[in-house]
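Here is the structure we will look at.
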Amino acid sequence: MPNESATEQAAPEDLWRLRRSLDNIDTALVAMLAERFRVTRAVGQLKARHRLDAVDVAREEAKVARLREAATRAGLDEDFAEEFIRRVMAEVVRQHREIAQKG
Ligand SMILES: C=C(O[C@@H]1C=C(C(=O)O)C=C[C@H]1O)C(=O)O
């Protein structure tokens, strides 16, 4: 393939297989994230219509606590899981404020 890196050309079969698996997982992650944002956009439209705050701190904190526990059970670093979901929620809140402003 013309755009393969040097590492890919020289890689043993196992590395190829693992990287293909990673690529599939990354694609699935992006698809799930896009689906999540489709749902949160609908939430944002509802909140704007009912003049509700973009941010719900209590819900966010409950979610972080729940996901930290889920991360631990899954063998994932809980600080990483928290950092990730907080970044996602910050973007959701930014989008909700934008939806509320634009009407
Ligand atoms: C999606 C919502 O809006 C915000 C974003 C959240 C999220 O992305 O999970 C959670 C709480 C809110 O701060 C909501 O209120 O449910």
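The values are calculated or read from the model by the stated rules, or taken from the named source; none is laboratory data. Because the structure is a prediction, the values reported are computed rather than measured. Note that we place each Cβ from the backbone using ideal geometry, even for glycine, and neighbour counts take in every protein chain shown. Calculation scope for accessible area: heavy atoms of the full protein, side chains included, ligands and nucleic acids excluded. Shrake-Rupley method; radii C 1.70, N 1.55, O 1.52, S 1.80 Å.
Going through Arg66, Arg38, Arg59, Arg73 one at a time, which residue ends up being in a helix (DSSP H, G or I) and within 15 Å of the chain's Cα centre (by Cα)?
The unique qualifying residue is Arg38.
Can you say whether Ala31 is away from the ligand (no atom under 14 Å from the Cβ), part of a helix (DSSP H, G or I), under 30 Å from Gln101 (Cβ atoms) and open to solvent by 50 Å² or more (accessible area, probe 1.4 Å), as far as the supplied structure shows?
In short, yes.
Examine the stretch 82-102 for a residue that is at negative phi, in a helix (DSSP H, G or I) and more than 16 Å from the ligand (Cβ to nearest atom), and state whether such a residue exists.
There is at least one residue in the stretch 82-102 that is at negative phi, in a helix (DSSP H, G or I) and more than 16 Å from the ligand (Cβ to nearest atom).
Do you know which residues across the stretch 8-37 are aliphatic (A, V, I, L, M) and over 30 Å from Met89 (Cα atoms)?
The answer is Ala10, Ala11, Leu15, Leu18.
Can we say Val64 is hydrophobic (A, V, I, L, M, F, W, C), open to solvent by 80 Å² or more (accessible area, probe 1.4 Å), free of Cβ contacts under 8 Å to residues at least 24 places away in the same chain and within 16 Å of the ligand (Cβ to nearest atom)?
no
Examine the stretch 2-21 for a residue that is outside any helix (DSSP H, G or I), open to solvent by 80 Å² or more (accessible area, probe 1.4 Å) and among the polar types (S, T, N, Q), and state whether such a residue exists.
yes
Just wondering, is there one or more residues in the stretch 77-100 that are polar (S, T, N, Q), within 16 Å of the chain's Cα centre (by Cα) and open to solvent by 80 Å² or more (accessible area, probe 1.4 Å)?
No - not one qualifying residue is present in the stretch 77-100.
If the Cβ limit is 7 Å and pairs must be 6+ apart or interchain, which residue in the stretch 82-99 that is β-branched (Val, Ile, Thr) pairs with which residue that is exposed (fewer than 14 other Cβ atoms within 10 Å of the Cβ)?
Close Cβ pairs (under 7 Å, with a partner that is exposed (fewer than 14 other Cβ atoms within 10 Å of the Cβ)) amount to Ile99/Gln45.
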